[in-house]
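Taking it in order: structure first as structure tokens, then the write-up.
Every number here is computed from the coordinates shown, using simple stated rules; none is lab data. Please read all numbers here as calculations on a predicted model, not as lab measurements. Because the Cβ atoms are built from the backbone with ideal geometry, glycine has one as well, and the counts that use them run over all protein chains shown.
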Amino acid sequence: MNAPAPNLAPRKKNNPLLLGCFAVIALCALAVVGLLFIGWIDQRLETPQQRKARQAALDKEYAQDEARRLAPIIANGAKAQARLSNVAAAVAATADLKATPCPHTDGQTIDFAPVDAPYMRRFKDGLPSDASGVAWLRHEAFKDVGDHSTKGLTKQARAEFDAEAATEADRMLADAGNVAVIHTIALTEPKLSSAGGAFKDGSYDGGSFSGWIQLIDYRTAKTLCEQPFSAQSSTSVGGGVSIRIRGIPINHLGSDPTPQEQIDNDFQSNVWKAAQDAVDR
């Protein structure tokens, strides 16, 4: 007796659409490889003149892309420098300072960004090439202007850096609203009296400041008021330092400040308190 034939599953047919897709992908891959190979052969067969011409074309394209990228940066920097120059012109035009009251609402503190007068005057002819002057009298908006670390940059990179520095300074000064130009008459920095930096017995020579503050509206470059003020070191130094003015680059008191840092911070804090009181009174 013969055994019944087993039931065999029907043989699956190949999907012609799937095979076609694989074929197309394979042909595309071969085409890419072929093009890369042809390009490689072309470069190998290039004459020095052709290679030089091709590199020149690439350099030109890069330069054009850079010019398009830099155009708005340089334009914004130029506008910022113009506003800074207007404030510098207002400072340069001030020959004799006269005490005039500052406009303010009773009970409200006038915000301002300070800067030393000799430094600000230099913006009249462009950005200062260095940061010389009394740095601690200057708002942090000016920290990148005239940065010595950029001396090794190319002309184009330097132009970009200066434009961005001017734009950032312009933004921060506009945010402050007013620029307080400090005209120094006399300045004596505090110093330690004893060698080794100890002043447990109060052995330090206090600092003193006398001068004027010229408050200028940054947007209009108009002088709002001029006030004299003076300050000196505290008779004793200790405890925290409180600063009411935004952006003052006063030294940071860490967990273990040096004696010189303590007397510097005390003196600078007193100067800024006196400056704020002068415009608020």
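What to note about this one:
- The calculated FRET efficiency for Thr188 paired with Leu70, based on their beta-carbon distance and R0 = 41 Å, is about 0.35.
- Pairwise FRET efficiency - His104 versus Gln232, Cβ, R0 = 30 Å, nearest 0.05: 0.75
- ³J(HN,Hα) computed for each position of the stretch 152-159 - Karplus, 6.51 cos²θ - 1.76 cosθ + 1.60, integer Hz, glycine/proline x: x, 6, 5, 4, 5, 5, 5, 4
- Dipole of the stretch 62-281, positive direction: furthest Cα of Phe112, Thr154, Ala75, with charges on the beta-carbon: Ala75
- Computed from phi, the 3J(HN,Hα) profile of the stretch 181-187 under the Karplus parametrisation 6.51, -1.76, 1.60 (θ = phi - 60°) reads 7, 9, 9, 7, 9, 8, 9 Hz, with x in place of Gly and Pro.
- Full-stretch length increase - Lys222, Ile25 - with 0.36 nm per residue and alpha-carbon distance subtracted: 63.9 nm
- Rounded to whole Hz, the Karplus (6.51, -1.76, 1.60) HN-Hα couplings of the stretch 69-74, x for glycine and proline: 5, 7, 3, x, 5, 5
- Kirkwood estimate for the stretch 62-281, i.e. one over the average of 1/r between Cα atoms, Å: 18.8 Å
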